1. Within the stretch 184-217, which residues are farther than 11 Å from V166 by Cα and not in a helix (DSSP H, G or I)?
2. What single numbered condition from (1) within 21 Å of V75 (Cβ to Cβ); (2) within 18 Å of the chain's Cα centre (by Cα); (3) of a type in the set (A, V, I, L, M) fails to hold for L149?
3. Taking the stated definitions as given, is V127 among the β-branched types (V, I, T) and over 19 Å from S220 (Cβ atoms)?
4. Can you tell me how many residues within the stretch 161-180 are under 15 Å from A98 (Cβ atoms) and either within 26 Å of the chain's Cα centre (by Cα) or of a type outside the set (F, W, Y) (or both)?
5. Considering the stretch 262-297 alone, what residues qualify as being modelled with pLDDT under 75 and hydrophobic (A, V, I, L, M, F, W, C)?
6. Just a yes or no: is a residue in the stretch 13-23 in contact with a strand residue (DSSP E or B) (Cβ under 7 Å, 6 or more places away or on another chain) and assigned to a helix (DSSP H, G or I)?
7. Could you list, in sequence order, all residues of the stretch 24-46 that are within 17 Å of D91 (Cβ to Cβ) and in contact with a helix residue (DSSP H, G or I) (Cβ under 8 Å, 6 or more places away or on another chain)?
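The values are calculated or read from the model by the stated rules, or taken from the named source; none is laboratory data. Remember, predicted model here, so these are calculated numbers, not experimental data. Counting neighbours? That spans all protein chains shown, and the Cβs are built from the backbone with ideal geometry, glycine included.
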Amino acid sequence: MLEVLQGRNFSHSTFVFQGFPKLQKHRRLLALPFSISYLSALLGNSLLVYVICSMKSLHSPMYFLICMLCIVDVVVVTAIIPNMLLGLLFDWDEISLAGCLTQMFVTHFLSSVESTLLLAMALDRYVAISQPLRYTEIIDSSMFVKLLLFTLVRSGSIMATLVGLVGSLQFCYLNTIQHCYCDHMALVSLACGNTDRNSAVGLAVIVCFVGVDIPLIFFSYMKILSVVLRSVAAGEDRWKAFHTCGTHLIVMMCFYLVGSVTFLSHNLNIPILTDVNTFMGLMYILFPATVNPVIYGIRTKEIRNSVYRLFKLRAKKILMVKVFPSSKGQI
């Protein structure tokens with residue numbers, strides 16, 4: 001108690017997660033749906049990466065972007081969910097300040113990378129449809145290098161600044177984080193002293209990513225729809241194009257909307273229950289990672305056919321090995 005009263009002369013070095021405080025009696029039951037969602041995200045994204053890397057017919061810019069999106073989804077959910085499940089099942093809720101800042105950087109950095117990839121995918125489809133003859137000229141290896149550099153500079157510099165400012169704070173009050181992982185403002189709210197700079201940078205992050213990426217993505221899909229609807233005569237094909245673009249936009253808007261609300265709830269003093277805010281913060285990470293393999297994988301004809309051909313080929317090889325064991329080394 002004396003250390004707490006000393007204020008700035010003391011700062012917590014460890015923190016305790018307290019997500020879903022009103023569901024503490026049922027926290028072990030909560031582990032089941034999150035475990036299923038986590039395994040689904042791992043299996044779905046890993047399968048998609050395997051298929052894209054294995055099939056030469058999918059070695060094109062659009063599918064490489066999907067592959068990168070899957071890898072980002074796997075890493076970001078792995079940075080959060082296993083640690084959260086240990087807390088729910090075994091009450092391992094503590095984390096060091098260094099571990100918290102690392103998790104915060106990884107989570108927010110990869111979320112911003114995902115935003116950039118979604119923007120790149122929308123622009124890629126726009127170029128492919130509006131400029132089909134110049135597509136290979138515009139979308140080439142140099143474009144991917146520029147995209148990588150842009151992503152690293154934009155996401156890395158902004159998130160490093162965000163986390164660096166948090167690391168300079170003193171935490172002299174409670175050390176209980178009202179979340180299941182190290183969210184930026186959930187940790188900043190525990191600091192003593194002036195946190196105006198942290199709130200300002202938090203708002204800048206939203207403006208930089210949501211304020212820039214969403215209008216560009218929306219504009220790209222609207223242009224795609226206008227081009228497709230003008231060129232496609234059949235009503236069924238028109239509906240298919242509208243349904244595909246609409247589905248992509250809905251998933252993206254959920255990602256941006258939920259992420260923005262959870263990120264800004266502390267900045268704008270939005271009265272959201274801790275359990276609800278925690279759930280939204282998890283869904284912002286887990287939901288896209290779970291549905292992206294379906295939206296960009298199974299529902300994509302080329303990938304669906306590649307999955308079928310790949311597993312059909314594997315089944316034939318296994319059958320030949322069983323029927324002709326001596327040919328195992330020749331296959």
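1. C192, G193, N194
2. (2)
3. no
4. So the answer is 8.
5. Correct list: F263, L264, L268, I270.
6. Looking through the stretch 13-23, none of the residues is in contact with a strand residue (DSSP E or B) (Cβ under 7 Å, 6 or more places away or on another chain) and assigned to a helix (DSSP H, G or I).
7. Result: R27, R28, L30, A31, F34, S35.
Let's see how each residue does on (1) touching a strand residue (DSSP E or B) at 6+ places or on another chain (Cβ under 9 Å); (2) of a type in the set (A, V, I, L, M, F, W, C):
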{"residue": "L43", "(1), (2)": "no, yes"}
{"residue": "M62", "(1), (2)": "no, yes"}
{"residue": "L69", "(1), (2)": "no, yes"}
{"residue": "L86", "(1), (2)": "no, yes"}
{"residue": "D91", "(1), (2)": "no, no"}
{"residue": "S96", "(1), (2)": "yes, no"}
